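Worksheet for the structure shown next.
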Amino acid sequence: MILTPSATSEPSVAAYVRDAAARSPDALFLYDGTRSLTFAEAWRQIESIAAGLQARGIGHGDRVVMVTENRIETVLLFFATIQVGGVAVILHPQLKPEGLRRVIDQTKPKLGLLEASTAALSTEFGETPVVWAGDEAGQPSFNELLAASPSEPVAFPGQASDPAFLVFTSGSTGTPRGVILTHAVVRFVAAAIQARLQYRAEDRVAVLLPLSFDYGLYQLFYAAIAGASVFIGRPEMAGPELPRILAAQEISVLPGVPTLFGGLIKMQRYRPVPLPKIRVITNTGDHLPQSYIASLRELFPQARVHPMYGLTECKRVSILLPEEFEARPDSVGRPLDGTQVFAIDEEGRRLPPGEIGELCVTGPHLAPGYWQAPEETAKRYPMLDGVRVLRSGDYGRVDAEGFLFIHGRSDFLIKHKGHRLSPAEVEEEACRMLGVVAAGCVKDEAKDLLCLFVSVSEPSLDETKIIQALSTKLEPAKVPNRVFLLPELPKTGNQKVDRKALRALL
């Protein structure tokens, strides 16, 4: 294996793995239940793949698009692309052909990565060469990249301000937009998050969220900084077998979203199995009900539970420390060190502490913008009082001590009976009820009805009982007119409650 000197002078995000390999070459880095790689083995393969990319003429600024389930090959190609100065793009494996076509039109990749489950998307790459992970008969294999043998270290040819990867979101127009994450942005924010979460070398981190979701992807960075191991799992593992998977893989750090935690709580209440000593639990992507936090603390008394708030456009905004929870259970914590958050009114004027407005974020973690979308970038990242900010689209407040409280997204806020309310308020109260596993609140605009969808573990719960219970806790305008019981709520590809799908059910 070729190891270069320590990392401090090189800005590449891939240097996280290289430096961990230099510090702890024999420490486990990646495993998936059948395969495993130490940091040294992972870096050796990353350098081989990087040499293979260079042999194909792929280098500084070139894009590589990957559409696979979570797998070790995707991780290795991701870091190798970054090391040669390229721009990595990991897309969700359930992406539709039209969506992939739009991404390819924007990124014009030099190489694609597919697997058997995404084979139907191959025609969308057109003339772009594609390699295949796994055994796909008659197709160019990923192993051809691995076969390269670099004669010297593959040096990163770029600088800190270069794009490292793109994370695609739906965009305000519905067209997929790639958020540009530079090496400098990632290295700042990953270090700031790790300073709060404190992953350890002995930790085993579960990645059960898609690698196309930045929350899942960034786990690789925190783990490499700490020298921890990463279990490359799949979203479908967050089902009935989740407790057994956590135990079998000896997971100590569990990043998740509310739907994952709701299911875990339900399974442990009714079919408990011995669980590992989970040390850290983190949540983002959607509101985590206080009842879930209480249940997680009961199930995992030794765990530090961290509600967090973030946006792909700056990765992470705030993290609540467990010792801060009792005093501010409704908060999502304080901004990361070196960053700031404040609220503005409808005219763009900064509001004093405690007043509700649109949250704006400033700091070195702000992405440069959206790939090939200057107008949308300018709208989302304006200058306010001479400072570049990210307008979050979320409404909330910041108290005098700097703690954030989220009241809802501007596009999620519901107007009902003359009041504006956040679906999270109704969902939070519903999830406090014993037997409610998950809840999603939407408005039936045509009939002017507030509707709540729930999945339950208690068969005796019905629409009447739930409405009666909520009417004793919520203001009249927030009490649902209708409650619909579903076996399971629909989820987005990132495992969040899919409110668009709920509205479609109406």
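FYI, it's all coordinate maths here, none of it is from the lab. Being a predicted model, the structure only gives us computed values, none of them experimental. Cβ placement follows ideal geometry from the backbone for every residue including glycine, while neighbour counts extend to all protein chains displayed.
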(request) Give me the angle, in degrees from 0 to 90, between the Cα long axis of helix 72-83 and the longest principal axis of the Cα atoms of the chain, rounded to the nearest 10. (result) 70
(request) Would you kindly work out the equivalent ellipsoid of segment 340-410 from its C-alpha gyration tensor and give its semi-axes, the square roots of five times the eigenvalues, largest first in whole Å? (result) 22, 12, 11
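First measure r as the distance between the Cβ atoms of His60 and Arg244, then evaluate 1/(1 + (r/R0)^6) with R0 = 56 Å and state the FRET efficiency to the nearest 0.05.
Working from the Cβ atoms, E equals 0.80.
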(message) I want the local charge near Ala22. Using Cβ-Cβ distances under 15 Å, sum +1 for each Lys or Arg and -1 for each Asp or Glu among the other residues.
(response) -2
(message) Just to confirm my numbers, what's the Cα centroid distance between segment 77-120 and segment 290-338 in Å?
(response) 33
(request) Quick one: net charge around Val186, please, counting Lys, Arg +1 and Asp, Glu -1 for every other residue with C-beta under 14 Å from its C-beta. (result) -1
(request) Please compute P(r) over all alpha-carbon pairs of segment 144-218, binned at 10 Å starting from zero, and give each bin as a whole-number percent. (result) 14, 31, 37, 17, 1
(request) Report the antiparallel proportion of the DSSP beta bridges in segment 414-505 as a percent, rounded to a multiple of 5. (result) 75
(request) Once you have a ≥ b ≥ c as the square roots of the Cα gyration tensor eigenvalues for segment 414-505, tell me rounded if a/c is under 1.5, and otherwise prolate or oblate according to whether a/b is larger than b/c. (result) oblate
(message) Take Arg200 and Asn143, extend 7 Å from each Cα along the Cα→Cβ direction, and tell me the distance between the two endpoints in nm.
(response) 4.0
(request) Compute the whole-percent fraction of alpha carbon pairs in segment 309-468 spaced more than 28 Å apart. (result) 34
(message) For Met308, Met66, which order do you get if you count the other beta carbons within 10 Å of each Cβ and list the fewest first?
(response) Met308, Met66
(message) Please arrange Glu10, Glu463 by how many other C-beta atoms lie within 10 Å of their C-beta, fewest to most.
(response) Glu463, Glu10
(request) Check each of the GluC sites (Glu not before Pro) in segment 305-382 and keep only those in coil by DSSP with at most 13 other C-beta atoms within 10 angstrom; list them in order. (result) Glu326, Glu346, Glu347, Glu355
(message) Using the basic label-point model (7 angstrom from Cα toward the beta carbon), what is the Asp444 to Thr312 distance in nanometres?
(response) 3.3
(message) Around Ser122, under 13 Å between beta carbons, what's the net of Lys plus Arg minus Asp minus Glu among the other residues?
(response) -3
(request) Give, to the nearest whole percent, the P(r) tail of segment 7-186 beyond 30 angstrom, counting all Cα pairs. (result) 15
(message) Neighbour counts of other C-beta atoms within 10 Å: give me Ser117, Ser151, Ser229 arranged from fewest to most.
(response) Ser151, Ser117, Ser229
(request) Express in nm, to one decimal, how much length is gained between Glu355 and Lys379 on full extension, taking 0.36 nm for each residue of separation and deducting their alpha carbon distance. (result) 6.3 nm
(message) I'd like the antiparallel share, as a percent to the nearest 5, of DSSP beta bridges with both residues in the chain.
(response) 55
(request) Would you kindly state how much longer the chain becomes between Ser161 and Ser471 on full extension, computed as 0.36 nm times their sequence separation minus their alpha carbon distance, in nm to one decimal? (result) 106.3 nm
(message) Let me check the size of the chain from its C-alpha atoms; what are the radius of gyration and Dmax in Å?
(response) 22.8, 72
(message) How large is the Rg to Rh ratio of segment 12-119 when both quantities use alpha carbon positions and Rh follows Kirkwood?
(response) 0.99
(message) Quick check on segment 175-316: take the gyration tensor over C-alpha atoms, sort the square-rooted eigenvalues as a ≥ b ≥ c, and tell me if it's rounded (a/c under 1.5), prolate or oblate.
(response) prolate
